[in-house]
Amino acid sequence: MALKKVEISATQKDGYTIEVKSRQHVSIVDQPQAGGGKDLGPTPLEYLFVSLSGCIITIGHIVARQQNLPIRNISVRVEGDLNTDILMGKSTETRPGFSGIKVITTIDGDMTKEEKEKFLHLVDSRCPISDNIANITPIELVVE
C-alpha cells in the first residue's frame, strides 16, 4: 500500500481573506464583496469544485495514458446548489452542504459517447476527491 500524506496550512489574513500554503504554493480564499469579502480569490465552496474538476482531469489523463486512449483534451464544469440560510445560521431545516453536484465533462477524443461515459465512470471510481465527497470520511477536529 502506497500512502501519501497531504497537508496544507491556512491562516486568516484580513476579514474573510485566508492565505493557504500547500508545499511551495500560496492560494487565497475569500468571499465576494457582496458577502463582506474583498473578492481576492475563490470561496471555499468554489475550491471544492476546483478540487473535483482538477481531480477528474488529472485522473482522466492518467487513465488515458495507461490505457493508450485517443483522448486529446478533457474539460470539466461543476455546478451545485445549496441553501445558504443554513451556513448563515438562519435555518437548520436541511444539511449545510450541496443538495447535489453535477460534473459536466467534455472529452475531446476519437471515442463513441458510450466509450466516453465508460471512461468517465472509471475516472470517477479512481478520483480521491469524488470519493471523499460521495462517501463519509471521518473528520477529526483538534484544538491546539
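Say we look at segment 27-59 and pick out the residues that are of a type in the set (Val, Ile, Thr) and more than 22 Å from Glu144 (Cβ to Cβ); which of these is nearest to the chain's Cα centre (by Cα)? Give the derivation first.
Residues of segment 27-59 of a type in the set (Val, Ile, Thr): 28-29, 43, 50, 56-59.
Filter again for more than 22 Å from Glu144 (Cβ to Cβ), leaving 28, 43, 50, 56-59.
Numbers: Ile28: 15, Thr43: 12, Val50: 4, Ile56: 9, Ile57: 11, Thr58: 12, Ile59: 13 Å.
Out of the qualifying residues, it is Val50.
Within segment 87-97, can one find any residue that is in contact with a Pro (Cβ under 9 Å, 6 or more places away or on another chain), exposed (fewer than 15 other Cβ atoms within 10 Å of the Cβ) and either within 13 Å of Phe49 (Cα to Cα) or free of Cβ contacts under 8 Å to residues at least 40 places away in the same chain (or both)? Reasoning before the result, please.
Residues of segment 87-97 in contact with a Pro (Cβ under 9 Å, 6 or more places away or on another chain): 87.
Applying the additional criterion that residues be exposed (fewer than 15 other Cβ atoms within 10 Å of the Cβ) yields 87.
Going one step further and asking which of them are either within 13 Å of Phe49 (Cα to Cα) or free of Cβ contacts under 8 Å to residues at least 40 places away in the same chain (or both), we end up with 87.
Yes: segment 87-97 contains one or more residues that are in contact with a Pro (Cβ under 9 Å, 6 or more places away or on another chain), exposed (fewer than 15 other Cβ atoms within 10 Å of the Cβ) and either within 13 Å of Phe49 (Cα to Cα) or free of Cβ contacts under 8 Å to residues at least 40 places away in the same chain (or both).
Quick check on my filter: what residues within segment 1-16 are small (Gly, Ala, Ser) and either in a strand (DSSP E or B) or out of contact with any Asp or Glu (no Cβ under 9 Å at 6 or more places or on another chain) (or both)? Explain how you work it out, then say what you get.
In the first step, residues of segment 1-16 are kept if they are small (Gly, Ala, Ser); the result is 2, 9-10, 15.
Of everything in segment 1-16, those that are small (Gly, Ala, Ser) and either in a strand (DSSP E or B) or out of contact with any Asp or Glu (no Cβ under 9 Å at 6 or more places or on another chain) (or both) turn out to be Ala2, Ser9, Ala10.
State whether one or more residues within segment 70-82 are touching a strand residue (DSSP E or B) at 6+ places or on another chain (Cβ under 9 Å) and either touching a residue at least 40 places away in the same chain (Cβ under 8 Å) or not assigned by TED's automatic domain parsing to the domain that holds His121 (or both). If you could, list the steps in order and put the result at the bottom.
So the first thing to find is which residues in segment 70-82 are touching a strand residue (DSSP E or B) at 6+ places or on another chain (Cβ under 9 Å), and the list is 70-81.
Okay, now just the ones that are also either touching a residue at least 40 places away in the same chain (Cβ under 8 Å) or not assigned by TED's automatic domain parsing to the domain that holds His121 (or both), so 70-71.
Looking for residues that are touching a strand residue (DSSP E or B) at 6+ places or on another chain (Cβ under 9 Å) and either touching a residue at least 40 places away in the same chain (Cβ under 8 Å) or not assigned by TED's automatic domain parsing to the domain that holds His121 (or both), one finds at least one in segment 70-82, hence yes.
Scan segment 17-40 for residues that are under 21 Å from Gly97 (Cβ atoms) and small (Gly, Ala, Ser) and report the count. Spell out the reasoning first.
Keep residues of segment 17-40 that are under 21 Å from Gly97 (Cβ atoms), which gives 18, 20, 29-32, 35, 37.
From what is left, the residues that are small (Gly, Ala, Ser) are 35, 37.
Summing the residues that are under 21 Å from Gly97 (Cβ atoms) and small (Gly, Ala, Ser) in segment 17-40 gives 2.
Yes or no, residue by residue, for (1) more than 25 Å from Gly60 (Cβ to Cβ); (2) not small (Gly, Ala, Ser):
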residue	(1), (2)
Gly89	yes, no
Ser99	yes, no
Asp110	no, yes
Glu114	no, yes
Leu120	no, yes
Ser125	no, no
Glu140	yes, yes
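Tally the residues that are in contact with a helix residue (DSSP H, G or I) (Cβ under 8 Å, 6 or more places away or on another chain) and in a strand (DSSP E or B), restricting the search to segment 28-54.
Final tally of qualifying residues: 1.
What residue, among those in segment 106-134 that are within 14 Å of the chain's Cα centre (by Cα) and free of Cβ contacts under 8 Å to residues at least 60 places away in the same chain, is surrounded by the fewest Cβ atoms within 10 Å (Cβ to Cβ)?
Residue satisfying both the conditions and the ranking: Ala134.
If I filter segment 17-26 down to residues being without any contact (Cβ under 8 Å) to a residue 12 or more places away in the chain and part of a strand (DSSP E or B), which single residue comes out as farthest from Pro42 (Cα to Cα)? Working first, answer last.
Going through segment 17-26, the residues without any contact (Cβ under 8 Å) to a residue 12 or more places away in the chain turn out to be 19, 23-26.
With the extra rule that they be part of a strand (DSSP E or B), the set shrinks to 19, 25-26.
On the way: Glu19: 12, His25: 15, Val26: 13 Å.
Only one residue tops the list, namely His25.
For residues that are among the β-branched types (Val, Ile, Thr) and in contact (Cβ under 8 Å) with a residue 12 or more places away in the chain, scanning just segment 29-57, find the one that is farthest from Lys116 (Cα to Cα). Before you say what the answer is, go through the steps one by one.
Residues of segment 29-57 among the β-branched types (Val, Ile, Thr): 29, 43, 50, 56-57.
Remaining after also requiring in contact (Cβ under 8 Å) with a residue 12 or more places away in the chain: 29, 43, 56-57.
Numbers: Val29: 34, Thr43: 31, Ile56: 13, Ile57: 13 Å.
Within segment 29-57, the match that is farthest from Lys116 (Cα to Cα) is Val29.
The values are calculated or read from the model by the stated rules, or taken from the named source; none is laboratory data. All of these numbers come straight from a predicted model, not from anything done at the bench. Cβ sites come from the backbone with ideal geometry, for glycine too, and all protein chains shown count toward neighbours.
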